[in-house]
Amino acid sequence: MTRRSTGAGEGSAGDDGALFPSPVEVRRSARRRRTVSAYREGERTIVLIPARMSRAEERRWVSVMLERLARQDARLRPSDDDLAARAVDLARKHLDGRAKPASVRWVTNQGSRWGSCTPADRTIRLSTRLQGMPSWVVDYVLVHELAHLLVPGHGPDFWELVDRFPRTERARGYLEGVSATAELGIRDDADDEPDEPDEPDEPDEPDESDGAAPDDTDEPDDTGEPD
Ligand SMILES: [Zn+2]
C-alpha cells in the first residue's frame, strides 16, 4: 500500500478541492480490486483505491467520493433551518400538526439531555451530540420534544403521542446504548422517569442505511497500520 497526501485544493482533489477544506489522503491498496471507498478520519479524508488505478481514474474517483461525503455530511448535520423544517414535517405526520414550535435549533450546552423544550415560548433545542446519528434517532428526539408542546410530563398521554413515531422504541434503545457506552448518563430529557421499564439493549443496528457508517462500497480493509 502506498499513501499520498494531496492536501486540499491541489493534486488529486483537482479544482473542486477548495470546496473540501480537509486534507485528502489517497491510499492505494493491492488487496483492493475494484472498490473505492472514502471516510473521515479526524480532520482528514481518506480515499481508498485499488493499487492499479491510473492517476486520471484516481482524480475522478477522489472527486466523486468527496462529493458523496459532502452530501452525507449535510444529511447528518442538518442546519437549524433543516431541523425546523423536519420538526414541522414530523408534527404533521405524527402529531396531527398540532405541535407548532416557534424555534428549533442545535445547542451545545444541553448538559445531560438529548433535547429540551420550553412550552411557554414553544422553543425546542437539540444537543449537537445527536449530530452524526441516524436521522431516525434525531427525528425521535424531535418528536419527543414536539410532544412536550402538547403534554408536559412523561405520562401515558405523552407516550401515546410519541409512540406514533414508528421508531420510538428503537431510537430510545439506540440512545440508551450510546449513553451507556459513553457513560454519559444522558436521558431523553431532564425529567426523571422512575416508572419507565428497562428497555432491552439493541447492540446491532444492521440496517442503518442512513447511519454514520462511512459512505462506502466496501469496508476499509487497511486503515491505520504502518506500511
Ligand atoms: Zn421528555
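The values are calculated or read from the model by the stated rules, or taken from the named source; none is laboratory data. Since this is a predicted model, take the numbers as computed values, not measurements. Because the Cβ atoms are built from the backbone with ideal geometry, glycine has one as well, and the counts that use them run over all protein chains shown.
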Every listed condition ((1) away from the ligand (no atom under 16 Å from the Cβ); (2) within 25 Å of Leu95 (Cβ to Cβ); (3) at pLDDT below 95) holds for Asp215 save (2)
Note on the range 128-164: residues crowded, with 18+ Cβ neighbours inside 10 Å, of a type outside the set (D, E, K, R) and either out of contact with any helix residue (DSSP H, G or I) (no Cβ under 8 Å at 6 or more places or on another chain) or on the phi > 0 side of the Ramachandran plot (or both) are Leu149, His154
Of Arg122, Arg172, Arg164, which residue is under 17 Å from the mean Cα position of the chain (by Cα) and modelled with pLDDT of 60 or more? Arg172
Hey, does the range 156-163 have a residue that's in contact (Cβ under 8 Å) with a residue 40 or more places away in the chain and either of a type in the set (S, T, N, Q) or under 26 Å from Ala74 (Cα atoms) (or both)? no
Tell me, yes or no, whether the range 189-197 has at least one residue that is assigned by TED's automatic domain parsing to the domain that holds Arg98, over 19 Å from Arg86 (Cα atoms), at pLDDT below 95 and among the hydrophobic types (A, V, I, L, M, F, W, C). no
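Residue-wise test of (1) within 29 Å of Glu160 (Cα to Cα); (2) among the basic types (Lys, Arg); (3) in contact with a Cys (Cβ under 9 Å, 6 or more places away or on another chain); (4) part of a helix (DSSP H, G or I).
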position: Ala70; (1), (2), (3), (4): no, no, no, yes
position: Asp82; (1), (2), (3), (4): yes, no, no, yes
position: Lys93; (1), (2), (3), (4): yes, yes, no, yes
position: Asp96; (1), (2), (3), (4): yes, no, no, no
Inside the range 38-68, can you point out the residues that are under 21 Å from Pro134 (Cα atoms) and surrounded by 21 or more Cβ atoms within 10 Å (Cβ to Cβ)? Ala38, Thr45, Met65, Leu66
Give, as residue ranges, the strands (runs of 3 or more DSSP E) completely inside the range 98-143 that count at least 3 residues that are in contact (Cβ under 8 Å) with a residue 60 or more places away in the chain. 115-118
Residue that is farthest from the ligand (Cβ to nearest atom), among those in the range 136-154 that are among the β-branched types (Val, Ile, Thr) and farther than 17 Å from Ala84 by Cβ: Val137
Give the residues of the range 162-180 that are over 18 Å from Leu126 (Cα atoms), assigned to a helix (DSSP H, G or I) and either basic (Lys, Arg) or within 11 Å of the ligand (Cβ to nearest atom) (or both), sorted by residue number. Arg170
